[in-house]
Structures are given as structure tokens and as C-alpha cells.
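To start, the structure itself, in C-alpha cells.
The values are calculated or read from the model by the stated rules, or taken from the named source; none is laboratory data. A quick note: this is a predicted structure, and the numbers were derived from the prediction, not measured. FYI the Cβ positions are ideal-geometry reconstructions off the backbone, even for glycines, and counts take in every protein chain you see.
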Amino acid sequence: MEIKVNKCVIRRTIPFVTSQASQDTVNAVIIQISDGEHMGVGETCPRPHINGETLDSSFNQAVAWAQSIEVGPSITPFSFDPGYTQLGSSTAMGIESALFDLYSRQIGVPLHRLMNDQQREIVSYAGFIGANVKGQKLQKGLHRYADYDFVRMKLSGDLNDDFERINMFRETLPSVSLWIDVNQAWDETVYDRASELDGVYMIEQPFSVGRESLNNKLRDHAHVMLDESVQSLEDMHRFKDTMDAVNLKLLKLGHYSAVHESVMQAKEAGLQTYCGGTTMTDIAAAYARHLEFAVPSLDFFTTGKPRASVLKEPISGSLGYSMEPLALSPQDVGLGVELYEDALARCTREYFVRRL
Ligand SMILES: [Mg+2]
């Protein structure tokens, strides 16, 4: 048995732009667990602004976990206890992914079958438009989304700019549901233009954290989803009367049982549910896809889409699609992606190995 923990920085092909920031690299800790015949892999997604984890904290926690375990029951996904070990949520997700991947390869089944036998057969992913795609570039690219049920568009926070893009989208693709992510960038001045939001399906986090009560005036025009305001299940229950839907980011929740329990509680509170993420390699995207198929109450999907195309140096094989924007349930054993060791080595800044 061997455990290897890799601290990685991966360059993006194009920057990820929201109303708050622009990023041109992606941080990841890649965990490999091998029994000599099979290898399981997992990726942690340390994002200080989302889950409070840094590349260093995630690497150090994964190394401490690797140093603490013993061969035996603690090496299976079913006896993995992230609460006991005080792991950050995405670090728990990465370790659990590697354990699930290894175990499902050992017994020869797709990973999602280990999580839940009652999984769905097909999901429809939402399209994505970054905050920097506007004007002629947006107009030219919109036809690509004609077959989608939903498109999720990041806004810039400049109201004239935002409504120009919203109106352009709705005139060009009137039958596609528009979901906008404002990332906290609006204030009350948007009320003067609220009637232009009639027909938008979803507005994600329009106002800054702490101003959740402002949402209710917009809910006469469109559904409102909260993301940044909800960092915990406690937050979700506190703000449930100011939203219609919740973005329970996978990176905030961590391991499978937390995701499953959180989604169940959100549905009981009458909320539509989404588990978004940020840029990740196909390793974490594959894990998210298995979760999306295994968690029956999830309403919206984007996280399990292949991500390699946005990363300069993909560090896993590509997730296959049957027919975009739809994906069929994964049939390959384990996660269904293979690691490119040479690409991994080029992205790795530091690593730790333990043989046991
Ligand atoms: Mg968001």
C-alpha cells in the first residue's frame, strides 16, 4: 500500500472572471492511494474565499492523515471519518474520493454505485458564460447554448452592462432558461430595473453577505439562490425565507454523507438544490459527477462537467460525454478517469509519500 500526496498549481487556458476576481491558476492537492494493482485518486479544492482552506493547509492536512492511518479498516471509504480527523471540507472530499476510487476499482464497479443504488440515469448540465464575455463576443457565441435547458451567466455588477447582456441572451435564446450569478455585486438600485428581470429563471447571490432580506423584492420577478451567504447548514436554515434555492458547494460540504444530508435538509426546507464548484481538474469533476448521479434530490448540475479544456495542463484523462449537454451515468469502474503522471509531475510543487 502506498499513499502519495501532491501539492499542485495548474495554469488555466483562459482566466476565470467573476464580478469579484480573476484567476489564472488552479490550486489542487492530488491524493493517490495504491494497493500495488489498483490506484485511487482524489483532488482537494482549497479555496480560501469559499472553504477557508489554502494549498498549504490542505496539503499539510492530507499528509497528516496519510501519516496517521494504519493498514486495515481505516483504508476503506466506509470507515473514513473526516469529523474525527478535523479535516477541511475539500480535503475530506479529496481523501474520500481516493478511497472510493480505489475500493470501487478493487471490486469492479462505478464509484456512484458504492454511494447509492437508486441513482439517476441521466443529468442535464447547465451551460456557463463568464463575466468577461459580452458585446459581440457574447452575441456570436450564444447559438452554442440553443440545446441547453439552463445557462448560468456570471454578471459584472455594472447594471447597464449586466442588463444589456441579460436582454441580449433572452432575445437570442428565448426558450433557454437564464440563470445569472451576481456574486454579491448589486445593491438596492437594481430595484428600479426589476421588471427587466421578469422571465429570468434564477438570480444567484444578488446582494452582499448580511443583506439577505433585500432578496425578497426580487423574488416577485425571479427565483433567488443564495451561495456566499450559506457557508453551513445553520446559515441555510437561517436564510431559508429569503431564497428559493441554495448553492451548497461541494467544496464547502466535503464528503458524501455531508452532501447527501445537506441536500435532504434543503429539500425539506422547500429549496431547490445545486452543488456548484469552482474550476477543478477532471479528477474532482469526475467525483462530483458520481455524486450528482448518486444524490437523488439535487436539482441543478454543472460541477461534473469536464474541466480539462480550461486547464493548460490537464492532470487526468478526459471525462467522456455521450451527448452534450446531457451526461449518462458513468459505467467505467472507479472514478472513470486515469491520471497522467507526467503532467502531474510538471504541476507538482512538493510531494509526500508513505509506504505501509
Ligand atoms: Mg455563485
So how many residues does the range 263-286 have that are crowded, with 24+ Cβ neighbours inside 10 Å, more than 10 Å from the chain's Cα centre (by Cα) and not in a loop (DSSP other than H, G, I, E, B)?
4
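Please list, ordered by residue number, the helices (runs of 4 or more DSSP H) wholly in the range 1-115 having 1 or more residues that are of a type in the set (Phe, Trp, Tyr) and at pLDDT 90 or above. So that I can check it myself, show each step before the final result.
Working: elements: 48-51, 55-68, 89-107, 111-115.
By residue number, 55-68, 89-107.
Condition first: within 15 Å of the ligand (Cβ to nearest atom) and more than 23 Å from Gln86 (Cα to Cα). Can you find one or more residues in the range 230-241 that meet it?
Yes; the residues of the range 230-241 include at least one that is within 15 Å of the ligand (Cβ to nearest atom) and more than 23 Å from Gln86 (Cα to Cα).
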Anything in the range 324-356 that is among the acidic types (Asp, Glu), more than 22 Å from Arg105 (Cβ to Cβ) and either assigned by TED's automatic domain parsing to the domain that holds Phe301 or modelled with pLDDT under 90 (or both)? List them, or say none.
Glu324
Out of the residues in the range 288-301 that are within 16 Å of the ligand (Cβ to nearest atom) and not in a loop (DSSP other than H, G, I, E, B), state the one that is nearest to Leu250 (Cα to Cα).
Ala288
Number of positions in the range 170-204 that are touching a Leu at 6+ places or on another chain (Cβ under 9 Å), more than 16 Å from the ligand (Cβ to nearest atom) and under 22 Å from Leu226 (Cβ atoms):
9
Failed criterion for Gln23 (all others in (1) crowded, with 16+ Cβ neighbours inside 10 Å; (2) of a type outside the set (Gly, Ala, Ser); (3) within 16 Å of the ligand (Cβ to nearest atom) hold):
(1)
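Against the definition (surrounded by fewer than 19 Cβ atoms within 10 Å (Cβ to Cβ), under 21 Å from Leu311 (Cα atoms) and touching a helix residue (DSSP H, G or I) at 6+ places or on another chain (Cβ under 9 Å)), how does Thr54 come out, yes or no?
Values: surrounded by fewer than 19 Cβ atoms within 10 Å (Cβ to Cβ): yes; under 21 Å from Leu311 (Cα atoms): yes; touching a helix residue (DSSP H, G or I) at 6+ places or on another chain (Cβ under 9 Å): yes.
In short, yes.
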With the checklist (1) among the charged types (D, E, K, R); (2) within 16 Å of Thr278 (Cβ to Cβ); (3) more than 19 Å from the chain's Cα centre (by Cα) in hand, flag the one item Glu43 doesn't pass.
(3)
Against the definition (at negative phi, away from the ligand (no atom under 16 Å from the Cβ) and either out of contact with any Lys or Arg (no Cβ under 7 Å at 6 or more places or on another chain) or touching a residue at least 24 places away in the same chain (Cβ under 8 Å) (or both)), how does Ala285 come out, yes or no?
yes
Among the numbered criteria (1) in contact (Cβ under 8 Å) with a residue 60 or more places away in the chain; (2) farther than 16 Å from Asp299 by Cβ, which one does Leu214 miss?
(1)
Quick one: in the range 243-261, of everything that is part of a helix (DSSP H, G or I) and within 16 Å of the ligand (Cβ to nearest atom), which residue is farthest from Phe293 (Cα to Cα)?
Lys252
